[in-house]
Amino acid sequence: MRVTVNPVSQIESEEWVWHVGLDAEASGILNDQYLGKEVSGERRQRLLRLFRLDFLNAQDMLAEIAGQPVFLGMARSNDYLLRLKPQNLLINLPMARRM
C-alpha cells in the first residue's frame, strides 16, 4: 500500500481519529491528549516530532475511518533517549484486512 508522511506541528482535533506512538512515551502522551487529559508542558515538550500519514487509497484503511489521516508521534524519555518501537506501525496502523 502507498502512503504519504509529512511532518506537522500539531494535530487539529477535528481530524484526529487515529494515532500511533512510535515509542512508549509518545503513545502515552498522545493517548492522554486524545482523551482530553491534562498533559503538563514538560511532558508535552518530550514530544519530538509529529507526522501525518495519509493512505493514498482509502480502501487500504479500516472502513470506519477511511480517508482520515493517521498521526504518528515520536518522543524522548526523561533521560533524553528515543526508544523507537517500529513494530507499532505494523500492529497499530488502521489497515483494512485483506482476504
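Using Cα springs under 10 Å in a Gaussian network model of the chain, which residue among Asp60, Asp79, Asp32 shows the largest mean-square fluctuation? In this elastic network of the chain, the residue with the biggest mean-square fluctuation among Asp60, Asp79, Asp32 is Asp79.
Of all alpha-carbon pairs in the chain, indicate the percentage at a distance above 21 angstrom. Of the Cα pairs, 32 percent sit more than 21 Å apart. Only helices enter the 222 nm calculation for the chain: every DSSP H run of n ≥ 4 contributes -39,500 (n - 2.57), and dividing by all residues gives -5500 deg cm²/dmol, rounded to 500. The GluC sites (Glu not before Pro) found in region 7-99 that occupy coil by DSSP, while having at most 13 further C-beta atoms within 10 Å, are Glu12, Glu38.
For Met61, Met1, Met95, Met74, what's the largest-to-smallest order of accessible area, 1.4 Å probe? Could the numbers behind the result be given before it?
On the way: Met61 5, Met1 115, Met95 70, Met74 40 Å².
In descending accessible area the options line up as Met1, Met95, Met74, Met61.
Charge dipole (Cα centre; +1 on Lys/Arg Cβ, -1 on Asp/Glu Cβ; no other charges) of the chain amounts to roughly 360 debye. Dipole orientation for the chain: of the candidates Ile91, Phe51, Gly28, Ile91 has the Cα lying most toward the positive pole (charges on Cβ; Lys, Arg +1; Asp, Glu -1).
Ligands, DNA and RNA are left out, and with a 1.4 angstrom probe the accessible area of the chain is 65 Å² per residue. Each Cα pair under 8 Å and six or more residues apart adds its separation to the average, and for the chain the resulting relative contact order is 39 percent.
Normalised by residue count, region 1-57 yields a Cα convex hull volume of 91 Å³ per residue.
Computed over protein heavy atoms with a 1.4 Å probe, the carbon and sulfur contribution to the accessible area of region 20-99 reaches 52%. Oblate is the label for region 32-72, because the ratio a/c of its alpha-carbon gyration tensor axes (a ≥ b ≥ c) is 1.5 or higher and a/b is not greater than b/c.
The values are calculated or read from the model by the stated rules, or taken from the named source; none is laboratory data. On a predicted model such as this, the values are computed, not experimentally measured, just so you know. A quick note on method: Cβ atoms are made from the backbone with ideal geometry, for glycine too, and the neighbour counts reach across all protein chains shown. We work out accessible area using only protein heavy atoms, side chains counted, and drop any ligands, DNA or RNA first. Shrake-Rupley method; radii C 1.70, N 1.55, O 1.52, S 1.80 Å.
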